[in-house]
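What follows draws every value from the coordinates through simple rules; no lab data is involved. Nothing here was measured: the structure is a model prediction, and the numbers come from that model. Glycine also receives a Cβ, built like all others from the backbone with ideal geometry; neighbour counts cover every protein chain displayed.
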Amino acid sequence: MTTFTRPTKSNARKLAAASAERMAAERAKVIAAVKANTCPVCGRPLRRNSSIAGWWQCSQFGAVGFRADSNAPACDWQGVH
Ligand SMILES: [Zn+2]
């Protein structure tokens, strides 16, 4: 059995503000990473995902053969900017 607690209005506002802040921080991180052309996770260069405008990902994203360096470990960082 689960009990469901309805969030109060002020709680909901707080949650929304927190998530907007997180999104803004996340966006700032993506912008900084793109500007520096450096993955914030592994430090490798980024590459633009050509299928979706504004979508960036680590050059080490994906399977062997798709990564910039197949001998280096994969990195799943990606961001939209
Ligand atoms: Zn990376």
Test set (1) without any contact (Cβ under 8 Å) to a residue 24 or more places away in the chain; (2) in contact with a helix residue (DSSP H, G or I) (Cβ under 9 Å, 6 or more places away or on another chain); (3) part of a strand (DSSP E or B) - GLY79 fails condition number: (1)
Mind counting the residues in segment 36-49 that are free of Cβ contacts under 8 Å to residues at least 24 places away in the same chain, among the aliphatic types (A, V, I, L, M) and in a loop (DSSP other than H, G, I, E, B)? 0
Among the residues of segment 50-68, is there at least one that is away from the ligand (no atom under 11 Å from the Cβ), touching a Gly at 6+ places or on another chain (Cβ under 8 Å), not in a loop (DSSP other than H, G, I, E, B) and not hydrophobic (A, V, I, L, M, F, W, C)? no
